[in-house]
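Notes to accompany the following structure.
The values are calculated or read from the model by the stated rules, or taken from the named source; none is laboratory data. Keep in mind that what you see is a predicted model, and the values were worked out from it rather than measured. Reconstructed Cβ throughout: ideal geometry from the backbone, glycine too, with neighbour counts over all protein chains shown. Accessible surface is based on the protein model in full, side chains and every heavy atom, while ligands, DNA and RNA are left aside. Shrake-Rupley method; radii C 1.70, N 1.55, O 1.52, S 1.80 Å.
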Number of protein chains: 2
Amino acid sequence: MVGDRLPSETELAEQFAVSRSTVREALKRLAAQSLIRTRRGATGGAFVNHLSYDAAHAQQITTGVLLLSMNAIGFDVACEARFAMERACAPLACARRSEDHLQAMQAEIARQSDPALSDEAFCASDVAFHRALVDAAGNPVLSWQLSGAIEAMQPLMNMITFTARDRARIVALHSRIAATVRSMEAAACDAALRDLESYTVEVHAAVMARRALTARAT
Amino acid sequence: MVGDRLPSETELAEQFAVSRSTVREALKRLAAQSLIRTRRGATGGAFVNHLSYDAAHAQQITTGVLLLSMNAIGFDVACEARFAMERACAPLACARRSEDHLQAMQAEIARQSDPALSDEAFCASDVAFHRALVDAAGNPVLSWQLSGAIEAMQPLMNMITFTARDRARIVALHSRIAATVRSMEAAACDAALRDLESYTVEVHAAVMARRALTARAT
DNA sequence: CCTGTTTAATTGTCGGACAATTGATTGTCC
DNA sequence: GGACAATCAATTGTCCGACAATTAAACAGG
């Protein structure tokens, strides 16, 4: 059970008739999956860990980033998946959004409107905006899955961020999304997300085309 | 880079001025995340692992199962998240489904129609059916996310499977879903999934009510 | 009753040793 | 020269013993 203490390393070694080193290596594997946490000292030992949303979220992100980077996932495929999932929680968000979530989205939009904002901060704010949107759906499982997916795809998205993105247009789309969530218009929210998706794909295509051109020139 | 070999344990120990035991414990942590794989022998060592969809899928499931079991996720919440994501890929599945996917779905429906099928096998076939549905969307990222979520929620679903589920009704709903995917009617497919979701919630509520009754009786 | 000290239990690290595995090398025979 | 067997060397896997670091509990003193 969560919080239970495992036998000490010495006891485990005796119990399984292996050395303490081997037990330790095994425990490290469990610790790496954050299934246990260890504490030193008199009342120390290995304890069954409570898997928090944060820990699960972090694991989700690392797995996602690796999967995307190691399997030559196309931008279109990743983008499609991301927006498909985000649209999935749009109706829920429209139905259940609280004032907190609306304000969080509005705050990010305000931040993004500042021209002095650095590219990195704009990116982070973008993530925070979409995170607020999925959180508005009020389903922690959905939030966990989606925010992990969104953040995992952030490196891919960054490829295009620093070059060709029109901030004003992004902010306008974000505002449209926030407005539809506020007015609980699920269909309009869906449409706005579709527009944001097509714009993202469009920007990516433009960047790719320009790159191909400069590559040919050299 | 993927496939690259790390320095040998002895070399790493020298490089970081720690003992080989400590290096090994660290490597075990990486191995637990399947970031590396180790091979013994002359040309052995630790190699940067290629994260396959299967490995990522397995990790997704274990994380999901633990998260659900350790955070007292309500059945309704899990169910809502699952069907929200599944509905997200329904339009894509309708647009892109190949004959293979249609046949896979049909095969599972046929299997489920056999009254002699054990409850466990019916469950497995259920998972396979929905897996075929998300695969029909033709987006590997979506498949990875969704099939992981579906399988993670299977233990929760099993709670109700062995008691109150009306197989004929499930099979009828599956048939409806398969038919709408075949005829590429995204809206009808969405509606069929909604019906399946409400039936699932309904069955769960019935089971809970009955349990509360028997608990009061004792 | 409070405070500081000691003590015991436990994990963290180290170094050395040997077994198991496996590819590469070498040697032998045809 | 080629096929096959024996040997070798590098590497991971396991074990053991020792000690340091840490921590909470038990204890002693005022």
Shielding by other protein chains, B:78-88, mean Cβ within 10 Å: 6
Arranged from highest to lowest average of other beta-carbon atoms within 10 Å per residue, in what order do the peptides A:47-58, A:62-73 appear? A:62-73, A:47-58
Across B:130-141, the residue-averaged tally of Cβ atoms belonging to other chains within 10 Å stands at 3
Euclidean distance of C-alpha centroids, segment A:129-146 and segment A:168-218, integer Å: 20 Å
7 Å along Cα→Cβ, label-point gaps from residue B:179 to other copies, nm, shortest first: 4.2
Top of A:133, A:92, A:27 by mean-square fluctuation, Gaussian network on chain A, Cα under 10 Å: A:27
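Give me the inter-chain shielding for B:31-42: mean count of other chain Cβ atoms within 10 Å, whole number please.
Taking all residues of B:31-42 together, the mean is 2.
As an exercise, identify the trypsin sites (Lys or Arg not before Pro) in segment B:34-92 lying in DSSP coil whose Cβ has no more than 15 other Cβ atoms within 10 Å. If you can, show how the numbers build up before the last one.
Details: sites: B:37, B:39, B:40, B:82, B:87; in loops: B:40.
Those that pass, being in a loop and sparsely packed, are B:40.
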Go ahead and run the numbers for FRET between residue A:95 and residue A:14, Cβ-Cβ distance against an R0 of 41 Å, rounding to 0.05. 0.10
Using the Cα centre as the reference, give the magnitude of the dipole from point charges on the C-beta atoms of the protein assembly as shown (Lys, Arg: +1; Asp, Glu: -1; all else neutral), rounded to the nearest 20 debye. 680 debye
Förster-model FRET efficiency, 22 Å R0, residue A:110 and residue A:166, C-beta, rounded to 0.05: 0.75
Can you give the relative contact order of chain B as a percent, counting alpha carbon pairs under 8 Å and 6+ residues apart? 22 percent
In whole percent, how big is the carbon plus sulfur part of the accessible area of the protein assembly as shown, probe 1.4 Å, protein atoms only? 57 percent
Length-normalised contact order for segment B:13-92 - Cα pairs under 8 Å, 6+ apart - percent: 13 percent
Run the dipole for segment B:112-218 about the Cα centre, Lys and Arg Cβ at +1, Asp and Glu Cβ at -1, nothing else charged, and hand back the magnitude in debye, nearest 20. 340 debye
Could you point to the residue in A:12, A:178, A:101 farthest towards the positive end of the protein assembly as shown's charge dipole, with +1 and -1 charges on the Cβ of Lys/Arg and Asp/Glu respectively? A:12
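Can you tell me how segment A:75-132 classifies by the Cα gyration tensor, rounded, prolate or oblate, using a/c under 1.5 as the rounded cut?
Details: a/c = 3.59, a/b = 1.15, b/c = 3.12.
Oblate, since a/c reaches 1.5 and b/c is not below a/b.
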The protein assembly as shown shape via C-alpha gyration tensor axes, a/c threshold 1.5: oblate
Residue-normalised accessible area of the protein assembly as shown, given per residue in Å² at a 1.4 Å probe: 47 Å²
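For segment B:7-119, give the magnitude of the charge dipole about the Cα centre (Cβ charges: +1 Lys/Arg, -1 Asp/Glu; no others), in debye to the nearest 20. Don't skip to the end; give the middle numbers.
Values: 12 positive and 13 negative charges, 90 e Å.
Computed about the Cα centre, the dipole is about 440 debye.
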When each copy gets a label point 7 Å from Cα toward the beta-carbon at residue B:118, what are the spacings between them in nm, shortest first? 5.9
Identify, among A:153, A:56, B:122, the residue whose Cα sits farthest towards the positive end of the charge dipole of the protein assembly as shown, taking +1 on the Cβ of Lys and Arg and -1 on the Cβ of Asp and Glu, with the dipole about the Cα centre. A:56
